[in-house]
1. Please go through region 48-99 and pick out each residue that is touching a strand residue (DSSP E or B) at 6+ places or on another chain (Cβ under 9 Å), surrounded by 13 or more Cβ atoms within 10 Å (Cβ to Cβ) and in a loop (DSSP other than H, G, I, E, B).
2. Within region 84-96, can you find the residues that are over 30 Å from residue 33 (Cα atoms) and either among the small types (Gly, Ala, Ser) or within 14 Å of the ligand (Cβ to nearest atom) (or both)?
3. With the structure loaded, tell me whether residue 113 is among the β-branched types (Val, Ile, Thr), within 16 Å of the ligand (Cβ to nearest atom) and assigned to a loop (DSSP other than H, G, I, E, B) or whether it fails that test.
4. Name the single residue that is nearest to the ligand (Cβ to nearest atom) among those in region 46-76 being of a type in the set (D, E, K, R) and touching a Gly at 6+ places or on another chain (Cβ under 9 Å).
Amino acid sequence: MPLIPQPPPLAGGALLDRLHAINAEHGYLPESALRSAADELGAPLSQLYSTASFYASFGFEPRGRHTIRVCLGTACYIRGGDKLLEKLTATLGVEPGETTDDRLFTLETVYCVGSCSMSPVIRVDGDTYGRLRADRLPRILKKYRPAEEPEA
Ligand code: FES
């Protein structure tokens, strides 16, 4: 028996549904939304954090509109995945796990996306770019940047 009274455990589905709803609305799990959800569900905030921490699909920091995943799996790494990451960190000014100040890109590393025959590979949202060289990255990034306003 616990020394400190604990609330009854929540059904995992209800809690997860709520976390997914918050994530869909904000793109991450802001503390204020987690606090509100904990109050409404009658659950300790720590339970929401511990559940959310278990799943890689949840994050606690704002994310960019687009997620760039650089593959550093063996096939990609030996064919220059590290050079792609180097170029992206220099170009975007962020390290893996970080989001650009304009909230356009979040940079991440992954270890194999199942496209080894196309290595080295990056993924931007759902798009895969393979047999990639660092000099092609600016053109790829440009596709995801908002169109510039035409000059008057
Ligand atoms: S190692 Fe990069 S796709 Fe498999």
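Only the coordinates and a few stated rules stand behind these numbers; no lab work does. Everything quoted here is computed from the prediction, not taken from an experiment. So basically every Cβ, Gly included, is an ideal-geometry build from the backbone, and we count neighbours across all protein chains shown.
1. Taking region 48-99 and keeping what is touching a strand residue (DSSP E or B) at 6+ places or on another chain (Cβ under 9 Å), we get 59, 61-73, 76-77, 81-82, 84-85, 88-89, 92, 94-99.
Next cut, surrounded by 13 or more Cβ atoms within 10 Å (Cβ to Cβ) only: 59, 63-73, 76-77, 81-82, 84-85, 88-89, 92, 94, 96, 98-99.
Of everything in region 48-99, those that are touching a strand residue (DSSP E or B) at 6+ places or on another chain (Cβ under 9 Å), surrounded by 13 or more Cβ atoms within 10 Å (Cβ to Cβ) and in a loop (DSSP other than H, G, I, E, B) turn out to be 59, 63, 64, 65, 72, 73, 94, 96, 98.
2. Matches in region 84-96: 84, 85, 90.
3. On the way: among the β-branched types (Val, Ile, Thr): yes; within 16 Å of the ligand (Cβ to nearest atom): yes; assigned to a loop (DSSP other than H, G, I, E, B): yes.
For residue 113, the condition - among the β-branched types (Val, Ile, Thr), within 16 Å of the ligand (Cβ to nearest atom) and assigned to a loop (DSSP other than H, G, I, E, B) - is met.
4. Here is the first cut: in region 46-76, the ones of a type in the set (D, E, K, R) are 61, 63, 65, 69.
Still in the list and also touching a Gly at 6+ places or on another chain (Cβ under 9 Å): 61, 63, 65.
Working: 61: 25, 63: 22, 65: 24 Å.
Ranking the candidates gives 63 first.
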